[in-house]
Amino acid sequence: AEGENHVRMALRLMLDNEESLMIVGEASTPESLIAQVCLQSPDIILLDGGLPGLHPQRLITVIKKCCPEARIVITSVRPEIENTMMEIGADAFLPKQLLPDEYIWTLLSIIDK
């Protein structure tokens, strides 16, 4: 889930090139994310920490109820939100400012945990 269309497109291009990953959906709002998560039951959710309309604690709680096995990875350019997001139930934090190879490597290491 990413609020910025150009960032969402860039993520898709980057993640599509990784054979071990399969994108099952995209969302630009918390509401569309919840609808897709409840239908798709993904293994991992990349959630923009600055998603418009985001109430992180409420959204993470709803996702965990709907899809308890999904791992929620918060993505952000603001490292100062990492601790707060982890305290409210996120499973991992992924900085957006990483280079593409670093981003994929870090994401894969989160998945492998």
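I'd like to compare 14-23, 53-62, 77-86: which one has the highest average count of other Cβ atoms within 10 Å, and what's the full order after that? Present the calculation step by step, with values, prior to reporting the outcome.
On the way: 14-23: 11.6, 53-62: 15.3, 77-86: 13.5.
Peptide ranking by packing, descending: 53-62, 77-86, 14-23.
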Label-point separation in nm, N17 to E102, each point 7 Å along Cα→Cβ: 1.6 nm
Using every alpha carbon pair in the stretch 65-113, what percent of pairs falls into each 10 Å bin from 0 up to the bin containing the largest distance? 25, 53, 21, 1
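Over the stretch 1-102, what per residue volume does the convex hull of the Cα atoms give, in whole Å³? Kindly include the intermediate steps, with their values, before the conclusion.
Details: hull volume 9.5 nm³, N = 102.
Looking at the stretch 1-102, the number lands at 93 Å³ per residue.
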Divide by every residue of the chain the summed helix terms, -39500 (n - 2.57) for each DSSP H run of at least 4, and state the resulting mean residue ellipticity at 222 nm, rounded to the nearest 500 deg cm²/dmol. -14000 deg cm²/dmol
Starting from the 7 Å offset along Cα-to-Cβ, what nm value, one decimal, do you get for the label separation of H6 and I81? 1.9 nm
For the chain, with +1 on Lys and Arg beta carbons and -1 on Asp and Glu, the positive-most of P100, S76, S28 along the dipole: S28
Taking only C-alpha pairs under 8 Å that are 6+ residues apart, what is the relative contact order of the stretch 14-113 in percent? 23 percent
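Using a 1.4 Å probe on the protein heavy atoms, what percent of the accessible area of the stretch 27-102 belongs to carbon and sulfur? Kindly include the intermediate steps, with their values, before the conclusion.
Numbers: 2270 of 4140 Å².
The C+S portion of the solvent-accessible surface of the stretch 27-102 is 55 percent.
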What whole-number distance in Å separates the alpha-carbon centres of the stretch 72-107 and the stretch 19-45? 17 Å
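With every protein chain present, what is the per residue accessible area of the chain (1.4 Å probe, Å²)?
Working: 6720 Å² over 113 residues.
Heavy-atom accessible area per residue stands at 59 Å².
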Ordered by residue, what ³J(HN,Hα) values in Hz, to whole numbers, does the stretch 29-35 give under the Karplus form 6.51 cos²θ - 1.76 cosθ + 1.60, where θ = phi - 60° and Gly and Pro are x? 9, x, 5, 5, 4, 4, 4
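Can you give the direction-averaged projected area of the convex hull of the alpha-carbon atoms in the stretch 1-49, in nm²?
Values: hull surface 13.1 nm².
For the stretch 1-49, averaging the hull's shadow over all directions gives 3.3 nm².
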If you put +1 on each Lys and Arg Cβ and -1 on each Asp and Glu Cβ, how big is the dipole of the chain around its Cα centre, in Debye rounded to 20? 380 debye
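The values are calculated or read from the model by the stated rules, or taken from the named source; none is laboratory data. Quick caveat, the model's predicted, so the values are computed rather than measured. Counting neighbours? That spans all protein chains shown, and the Cβs are built from the backbone with ideal geometry, glycine included. Surface areas here come from the heavy atoms of the whole protein model, side chains and all, with no ligands, DNA or RNA. Shrake-Rupley method; radii C 1.70, N 1.55, O 1.52, S 1.80 Å.
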